[in-house]
Amino acid sequence: MLRTATRYSAATVVLVVTAVIAAFIALAMILLLAGANQDNMIVNAIVTVGDFLTTPFQGMFPQTNAEREIVVNWGIGLLVYLAIGALIARIVR
């Protein structure tokens with residue numbers, strides 16, 4: 001019984017970490033697309049974290065419009081993180 005509870009706890013931790021990563025990327029996308037002031041410390045911190053997390057996906061599909069490039073490439077990164085997190089949580093369970 002304890003092993004099952006531990007596995008579910010580990011899966012929950014994986015899902016929470018995945019949700020936090022997805023939230024940072026999504027919030028950074030929203031702030032960039034809304035034209036938030038990047039001189040603000042909070043906006044800058046969120047966008048910097050989102051930029052770091054999506055580094056492997058940037059430039060994957062170059063677009064002529066900068067906003068479209070953010071949506072496409074960062075959106076792919078968001079979906080990949082969610083899929084990998086869900087897969088890891090499923091394996092751990």
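The values are calculated or read from the model by the stated rules, or taken from the named source; none is laboratory data. Note that the coordinates shown come from a computational prediction; the quantities given were computed from them, not determined experimentally. As a convention, Cβ positions derive from the backbone with ideal geometry for all residues, glycine included, and neighbour counts pool all protein chains shown. To get the accessible areas, we keep the full protein, side chains included, count just its heavy atoms, and leave off ligands, DNA and RNA. Shrake-Rupley method; radii C 1.70, N 1.55, O 1.52, S 1.80 Å.
Residues in the chain average 67 Å² of solvent-accessible surface per residue, probe 1.4 Å, ligands and nucleic acids excluded. Among 25-32, 55-62, 11-18, sorting by the average number of other beta carbon atoms lying within 10 angstrom of each residue, highest first, gives 25-32, 11-18, 55-62. Spin-label model, L82/D39: points 7 Å from Cα along the beta carbon direction are separated by 3.5 nm. Across region 58-74, computed HN-Hα scalar couplings (Karplus, 6.51 cos²θ - 1.76 cosθ + 1.60, θ = phi - 60°) run 6, x, 4, 10, x, 10, 6, 9, 4, 5, 5, 5, 5, 4, 5, 6, 5 Hz from first to last residue, x flagging Gly and Pro.
Overall, the accessible surface of the chain at a probe of 1.4 angstrom is composed of carbon and sulfur to the extent of 70 percent.
Just so you know, the Rg over Rh for region 51-93 is 1.13, from Cα atoms, with Rh as the Kirkwood radius.
Can you work out the FRET efficiency for the pair V49 and A10, with r the C-beta to C-beta distance and R0 = 22 Å, to the nearest 0.05? Step by step, r from the Cβ atoms, then E = 0.35.
A protection proxy built from the mean count of other Cβ atoms within 10 Å ranks the segments 72-80, 36-44, most packed first, as 72-80, 36-44. Roughly what angle does helix 41-53 make with the longest principal axis of the chain, taking Cα atoms, 0 to 90 degrees, to the nearest 10? Here the helix axis deviates by roughly 70 degrees. Put simply, the Cα atoms of region 8-93 extend 42, 29, 16 Å along their principal axes, the longest span coming first. Using a Förster distance of 30 Å, how high is the FRET efficiency between I91 and A23, based on the Cβ-Cβ distance and rounded to 0.05? Efficiency for this residue pair is about 0.85.
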